[in-house]
Amino acid sequence: MPAETASPVAVAAVPESGATGGPAANEPAADDVDIDIDIDIAALRAAVLVLARRVRQQVAGGEISSTEGAVLGHLGRCGPMTPGQLARAEHVQPPSMTRVIELLERREFVRREPHPTDGRQILVTRTAAGDAFVQASKQVRSAWLRERIDQLDPAERQALAGATEALSRLAAMP
């Protein structure tokens, strides 16, 4: 079996409690039991990637590229950055980043400011219009996702709610 198709995942089983509040008689403690669950890694990866791409496509007030959206996100999380820092963060060449910044600047989502300590540099800052666009896009994305989740049957919604914590842990892993 290819490693990418299915991979057993150990899950600790939680035994039912007996009358004393501990494990039921003749049952091992929770950390003594491993259950192999086959996860179709390729299907999980594909579903996560497609869903993430579809969510990212939901933006407020017009189309922006994924790189433009990522730049707005970096500026929101990190504060003002030089074009070189943005290019490195997005793994693009500086001339490409210059074009992205120009497009965002035309929409008034960012502005260029002199660097406070290095007169040769500029800093790119997200504007109030950029902040508003990002907030409105988050609301559009949440509404879009909520509409799709509401179309699932109750068991699927319950499974999705249960998977949220595990997916969050996976996303946080280095």
Using packing as a proxy for protection, rank 161-171, 41-51 so that the peptide with the highest average count of other Cβ atoms within 10 Å comes first.
41-51, 161-171
Pop out the ³J(HN,Hα) list for segment 44-56 in order, Karplus 6.51 cos²θ - 1.76 cosθ + 1.60 with θ = phi - 60°, rounded to Hz; leave Gly and Pro as x.
5, 4, 4, 5, 5, 5, 5, 4, 4, 5, 5, 5, 4
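Between Thr82 and Gln57, 0.36 nm times their residue separation minus their Cα-Cα distance comes to what?
On the way: separation 25, 0.36 × 25 = 9.00 nm, distance 2.63 nm.
The Thr82-Gln57 span can extend by a further 6.4 nm.
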Relative contact order of segment 57-174: what whole-number percent is it, with Cα pairs under 8 angstrom and at least 6 residues apart?
27
In range of the label at Ala143: residues from segment 55-84 whose backbone nitrogen is under 17 Å from the point 7 Å along Cα→Cβ
55-63
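What does the convex hull of the Cα atoms of segment 65-174 come to per residue, in Å³, rounded to a whole number? Don't skip to the answer; put the middle values down first.
Numbers: hull volume 13.9 nm³, N = 110.
Cα-based convex hull of segment 65-174, divided per residue, equals 126 Å³.
Just so you know, all these numbers are worked out from the coordinates, no wet-lab data involved. From a predicted model like this one, the values you see are computed outputs, not experimental measurements. In this analysis, Cβ positions are derived from the backbone assuming ideal geometry, glycine residues included, and neighbour counts consider all displayed protein chains.
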